[in-house]
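Asks: Below is the structure I would like to discuss, written out as structure tokens.
The values are calculated or read from the model by the stated rules, or taken from the named source; none is laboratory data. Bear in mind the structure is a predicted one, so any value in this text is a computation, not a measurement. For neighbour counting, all protein chains shown are included, and Cβ atoms are generated from backbone atoms with ideal geometry for every residue, glycine included. The area values use the complete protein model at the heavy-atom level, side chains included, leaving out ligands, DNA and RNA. Shrake-Rupley method; radii C 1.70, N 1.55, O 1.52, S 1.80 Å.
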Amino acid sequence: MALKLSVIGTGYLGATHAACMASLGFDVIGFDTEASKIELLSKGKVPFYEPGLEELLSEQIKSGRLTFTNNVADLADADVHFICVGTPQIKNGNAADLTYVNSALEAIAKLVKPGGLVVGKSTVPVGTATKLRNRLLELNPKADLAWNPEFLREGFAVEDTLRPNRLVVGVVNDSAEQILKEVYATNLKDKTPWVRADLPTAELVKVAANSFLATKISFINAMAEICEAAGGDVTVLAKAIGYDPRIGSRFLQAGIGFGGGCLPKDIRAFMARAEELGASQAVEFLKEIDAINLRARQRVIELVRKDLSDDLQGKKVAILGAAFKPDSDDVRDSPALDIAAQIQAAGAVVTVHDPKAIANAQKRFPALNFADDVNATLKDAEIVLHLTEWKIYQEIDPVKVKSIVKNPIVIDGRNALDRHLWQSAGWKFRALGRSNNE
Ligand code: UDX
């Protein structure tokens, strides 16, 4: 008989995991304390934008394999319980807030069947899994707990969940690994690399991977600063070093840096945890990674001041992009939106466009102006800032839009526009890490 799965927490990670596991043929029940979320998901609707997820979710609900509940007692029938709740940054510090993870365990512990497994997927500070396992065994000695971090990227969540590039399972007992092998049988058949680890290593894999990615991005943004100072071009530099397979070309896109719900908070939580462990020196460099990342935002604002004037009072600024990256409506720690808010706070009149993220951006910064049409955003602009590399912005015809703006000046904060095209159309083209002398 196929295993029955429960998924606790139906945010980004949980909703995707639940739908994908159902599509593999498991009976899945998703649980969340937020009644409105459950109501929406039960109708096959996803409360955020993720390509392909809504279709998959409603298909699985129709098949009868996927259901949602806000009554935790309904999970008692499941054999494996995935904890997928959020671990946001605490309000007054860098550490991760474990309130939701802890309460998920408390809620589920006594419901787990003898021989049943709780599997943590949330990103947690190293040491959490062992603590949770001890607590689980205290409440329910016949249950076990494993850690199975996820590496899904927003915009590719379904693909990354169904076809991950590796599966990492932190376990104490062979029986826990066996259960997880049953859950991921399809991936194992497809030869997905399988890494068995102990609990702390499994937890660390996730933060180490995100720290490495953040380091790669900040490295290239540091090179961008040097290129600017020396009159070089970071896009050419990135291409050239990326041909070395030891370096690789991915995550070397220089620009306004990383944001989102994971990278920034994960490197900060890692530093906080390392300090608790007495190993802060080992990840001291992450402070610099964070600083380089935040500096990229300031460098865009400096370019704006250089081209307009130090005093931004009343200047009309058009901003293309609010999401932290394309194909997402997520504005958590979005570099684009942060820049928009800072420029507005300096007195400019800022209009922001984004194909998907306006509703979320509006909630965060209600005082910004938003437009749902690119031309309306650009109208009479004294400068245009390209801050999230949505495909539609690369398709803008610079000749056509030149007549709409007041000054044809564009700053490409993502190094994704065709500089030659914009310059030949008569635009002053600025970019991070590239010579800005025209
Ligand atoms: C990340 C990890 O990639 C994923 O494995 C983990 O599970 C969750 O965190 P995500 O937050 O969806 O995923 O975004 P990602 O694609 O990693 O991009 C993060 C940020 O870095 C974005 O703001 C993006 O614009 C920026 N970025 C990425 C760059 O500035 N340059 C690059 O070369 C790549």
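Asks: If Lys and Arg each add +1 and Asp and Glu each add -1, what is the summed charge of the other residues whose beta carbon sits under 10 Å from the beta carbon of Val349?
Replies: Spelling it out: positives minus negatives among the neighbours equals 0.
Asks: Further, regarding this structure: Once the whole set of protein chains is in place, how much accessible area is left on Trp427, using a 1.4 Å probe, in Å² to the nearest 10?
Replies: It works out to around 10 Å².
Asks: Given contacts defined as C-alpha pairs under 8 Å and at least six residues apart, what's the relative contact order of region 4-197, whole-number percent?
Replies: It rounds to 18 percent for region 4-197.
Asks: So for region 198-438, averaging the separation of alpha carbon pairs under 8 Å that are six or more residues apart and normalising by length, what relative contact order in percent results?
Replies: Relative contact order of region 198-438: 21 percent.
Asks: Also, quick follow-up: What shape does region 1-135 have by the C-alpha gyration tensor, where a ≥ b ≥ c are the square roots of the eigenvalues, rounded means a/c under 1.5, and otherwise prolate means a/b greater than b/c and oblate the rest?
Replies: oblate
Asks: Of the DSSP beta bridges with both residues in region 330-438, give the percent that are antiparallel, rounding to the nearest 5.
Replies: 0 percent
Asks: Determine the shape class of region 279-375: with a ≥ b ≥ c the square roots of the Cα gyration tensor eigenvalues, call it rounded for a/c under 1.5, and otherwise prolate if a/b is greater than b/c, oblate otherwise.
Replies: Oblate is the answer for region 279-375, as a/c is 1.5 or above yet b/c matches or exceeds a/b.
Asks: Separation of region 351-418 and region 292-350 by C-alpha centroid, Å?
Replies: Their Cα centres are 11 Å away from one another.
Asks: How big is the dipole moment of the chain about its Cα centre under a simple scheme where the beta carbon of each Lys and Arg is +1, that of each Asp and Glu is -1, and everything else is neutral? Debye, nearest 20, please.
Replies: 280 debye
Asks: Taking the 0 to 90 degree range and rounding to the nearest ten, how far is the long axis of helix 285-307 tilted relative to the main principal axis of the chain, both from C-alpha atoms?
Replies: 30 degrees
Asks: Among DSSP beta bridges lying fully in the chain, give the percent that are antiparallel, nearest 5.
Replies: 5 percent
Asks: Could you tell me the relative contact order of the chain? Use alpha-carbon pairs under 8 Å, at least six residues apart, and round to a whole percent.
Replies: Relative contact order comes out at 12 percent.
Asks: Helix 53-63 against the longest principal axis of the chain: what's the angle in degrees, Cα atoms only, rounded to the nearest 10?
Replies: Helix 53-63 and the main axis of the chain meet at about 30 degrees.
Asks: Straight distance only, please: which lysines reach the Cα of Lys356 with their own Cα at less than 19 Å, same-chain residues fewer than 8 apart left out?
Replies: Once the sequence-local lysines are set aside, what remains near Lys356 is Lys45, Lys325, Lys391.
Asks: Quote the accessible area belonging to Phe270 in square angstrom, nearest 10, computed with a 1.4 Å probe and with ligands, DNA and RNA left uncounted.
Replies: For Phe270, solvent-accessible area is about 40 Å².
Asks: Additional query: For region 198-438, which whole percent of the accessible surface, found with a 1.4 angstrom probe, sits on carbon and sulfur atoms?
Replies: Of all accessible area on region 198-438, carbon and sulfur atoms account for 54 percent.
Asks: Anything over 31 Å Cα to Cα? Flag those among Lys37/Lys110; Lys142/Lys181; Lys43/Lys400, in the order listed.
Replies: Beyond 31 Å between Cα atoms: Lys43/Lys400.
Asks: Kindly report, to the nearest 10 Å², the accessible surface of Glu159 as traced by a 1.4 Å probe over protein heavy atoms only.
Replies: Accessible surface of Glu159 is approximately 80 Å².
Asks: Then there's this: Could you work out which residue, out of Ala214, Ala346, Ala19, moves most in a Gaussian network model of the chain, that is, has the largest mean-square fluctuation with Cα springs under 10 Å?
Replies: Ala346
Asks: Here's another thing I want to ask about it. State, to one decimal in nm, how far the label point of Phe48 lies from the label point of Ser435, with both points 7 Å from Cα in the Cβ direction.
Replies: 4.2 nm
Asks: Please give the helix 263-276 orientation as an angle from the longest Cα principal axis of the chain, in degrees from 0 to 90, rounded to the nearest 10.
Replies: Result, in degrees: 60.
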